[in-house]
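These notes concern the structure reproduced below.
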Amino acid sequence: MKRFKKILGFVFIGLVGLILIAGFWNYPKLTILSGYSAKNMASSVFIGNRSIEFTDIHDNNFAPVHLAEDEVNMDEKSAIASVFGLNERKAIYRDGLGGVLINDNFDVKAPYLKPHRTFTKTNLPFPYGDQPQKDTVFNTIDYDKIRTSVSSVFDKEGESIKKTRAVLVIYKDQIIEEKYAEGYDKNSVLLGWSMTKSILATNYGILQKQGKININDKAPVKEWQNDDRKEITINNLLQMNCGLAWDENYGSISDATTMLYLDEDMTKPQIFKKAIHKPNEYWYYSSGVSNLLSGILRQQFDSYQEYLDFPYREFIDKIGMHSMLIETDMAGNYVGSSYAWATPRDWAKFGLLYLHRGNWNGEQIFNADWVDYVRTPTPTSEGDYGGHFWLNSGGFYPDAPRDMYSANGFQGQRVFIIPSKDLVVVRFGLVGDAGVDFNSFLRDIASAVK
């Protein structure tokens with residue numbers, strides 16, 4: 001019996017040791033999980049106006065993020081999350097700047113600047129104003145086919161596979177189909193995730209139109225001037241073929257997750273990566289590149305206030321995307337890789353701006369050739385990527401029009417632009433290609449336009 005107890009004791013000690021070792025190796029991951037949960041909770045509650053319970057059940061209810069527990073302070077406008085009581089992280093909401101994950105060095109009482117916004121109302125119908133659109137019926141549209149296609153990407157009762165929240169189909173500036181899941185409507189403000197990259201790139205198109213930047217110039221990064229990286233151009237960054245090392249992996253501790261959930265200044269991580277390829281030689285998707293571009297954008301202005309104001313003044317508020325908010329990091333930089341929020345209708349306006357080649361109701365926001373630029377395939381991307389937009393010229397969706405291009409985000413956020421059909425299609429949800437047959441969806445919508 002004593003021998004049995006002794007053996008049992010050794011087994012117990014061994015199990016405890018294994019648990020401690022596992023905890024040691026996973027401890028950094030818990031920090032990332034807590035950070036994701038706290039940041040997403042703060043933004044969902046204070047930007048998206050969703051409840052704590054709703055966010056827990058839907059937005060944060062996927063493995064392993066569901067392991068985190070959240071607390072929200074409505075008066076302080078903050079959220080705290082931890083996993084098994086460990087690795088507590090805090091995110092706060094700031095008016096005009098959105099939610100930000102903070103560390104112990106962050107002074108929550110310090111004053112801060114915020115963007116100046118211009119909210120104008122017009123008597124024009126959507127998309128150029130706030131009035132209801134005219135009741136227009138097109139004899140070139142198979143409306144039954146459109147409705148069937150849109151319904152196909154929503155879950156049936158009792159299902160939780162496609163997790164679509166919103167779909168809009170716009171033809172010749174008219175909403176011809178609009179559908180929302182329960183709990184959402186046209187006023188719901190939704191996170192675009194990496195669709196923000198396309199918003200960021202648009203600022204470069206505007207600066208180029210204004211003659212304030214040339215994207216073929218070398219990237220103004222002082223840390224690169226004494227090595228081969230000095231040859232990298234802004235164009236290489238926009239096309240994501242700069243050749244710099246980067247790990248865009250969201251299933252582990254990677255460059256991307258460390259940047260989003262640990263770094264104070266998200267414009268810096270990509271700067272310090274080595275060149276593993278020559279520019280224009282190897283395409284690799286990098287959120288670090290997008291945030292570096294946000295930092296370079298900030299350099300173009302004499303003051304921080306001008307940087308904050310620029311996207312809103314020059315196109316977001318100009319085209320009536322008044323629900324949009326781009327969040328900043330602790331250092332005050334726009335998180336150009338990931339954090340723009342807006343209603344589906346306002347995201348659709350962004351698509352329409354590109355469909356109309358930069359012209360918004362008579363005003364040219366950026367030059368028409370900027371559209372040609374973002375639609376030009378990046379070398380070595382196999383026709384899948386352009387200037388911070390995704391392309392279909394390589395046939396990623398084989399049955400959809402090849403001239404289609406799109407702003408894409410995590411979990412299947414999409415703004416599809418199809419010039420040959422005069423269409424903009426918007427989809428929001430919690431699952432991407434793994435749960436939604438975008439190929440058939442887009443094929444059927446496009447074929448419904450005669």
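Values in this text are rule-based calculations from the coordinates and carry no lab data. Here the structure is a predicted model, which is why all the values come from computation and not from measurement. With ideal geometry, Cβ positions are generated from the backbone for all residues, glycine too; neighbour counts draw on all protein chains shown.
If you wrap the chain's Cα atoms in a convex hull and average its projection over all directions, what's the area in nm²? Intermediate results must be reported in sequence, preceding the final value.
On the way: hull surface 105.2 nm².
Seen from a random direction, the Cα hull of the chain projects 26.3 nm² on average.
Around D227, with a cut-off of 14 angstrom between Cβ atoms, what is the net charge of the other residues, counting Lys and Arg +1 and Asp and Glu -1?
+4
Name the residue from A245, Q133, S78 whose Cα lies farthest towards the positive end of the charge dipole of the chain, charges +1 on Cβ of Lys and Arg and -1 on Cβ of Asp and Glu.
The one lying farthest along the dipole's positive direction is A245.
Of L191, T258, P111, which is farthest towards the positive pole of the chain's charge dipole, taken about the Cα centre with +1 and -1 on the beta-carbons of Lys, Arg and Asp, Glu respectively?
Final value for the positive-end residue is T258.
Place +1 on the Cβ of every Lys and Arg and -1 on the Cβ of every Asp and Glu in the chain, take the dipole about the Cα centre, and give the residue among A68, G351, F301 whose Cα lies farthest towards its positive end.
Of the options given, the answer is A68.
Pairs of alpha-carbon atoms within less than 8 angstrom and 6+ residues apart define the contacts here; what relative contact order does the chain have, in percent?
17 percent
For the range 100-202, what is the charge dipole size about the Cα centre, in debye to the nearest 20, if Lys and Arg each add +1 at the Cβ and Asp and Glu each add -1 at the Cβ?
Its charge dipole is roughly 320 debye.
To the nearest Å, what is the center-to-center distance of the range 383-414 and the range 236-255, using C-alpha atoms only?
Centre-to-centre distance over Cα atoms comes out at 19 Å.
Give the distance, in whole Å, between the Cα centre of the range 189-227 and the Cα centre of the range 279-296.
Answer, in whole Å: 10.
Just want to confirm a number: the relative contact order over the range 318-418, from Cα pairs under 8 angstrom separated by 6+ residues, in percent.
Here the relative contact order equals 16 percent.
If the cut-off is a Cα-Cα distance under 25 Å, which lysines reach K218, setting aside same-chain residues fewer than 8 apart in sequence?
Correct list for K218: K197, K209, K230, K268, K273, K274, K278.
Return the calculated 222 nm mean residue ellipticity for the chain, to the nearest 500 deg cm²/dmol, obtained by summing -39500 (n - 2.57) across DSSP H runs with n ≥ 4 and dividing by the residue count.
Roughly -9500 deg cm²/dmol at 222 nm, from the helical runs in the chain.
Give the lysines reachable from K77 as a straight Cα distance under 18 Å; neighbours fewer than 8 places away on the same chain don't count.
K39, K90, K109, K114
What percent do you get for the relative contact order of the range 246-323 when only Cα pairs under 8 Å and 6+ apart count?
So the answer I get is 24 percent.
What does the charge dipole of the chain about its Cα centre add up to, to the nearest 20 debye, if the Cβ of each Lys and Arg holds +1 and the Cβ of each Asp and Glu holds -1?
Approximately 560 debye in magnitude.
At 20 °C and 1.002 mPa s, what whole-number value in µm²/s does Stokes-Einstein give for the translational diffusion of the range 297-368, with Rh from the Kirkwood sum over Cα pairs?
Rounded to a whole number, D works out at 163 µm²/s.
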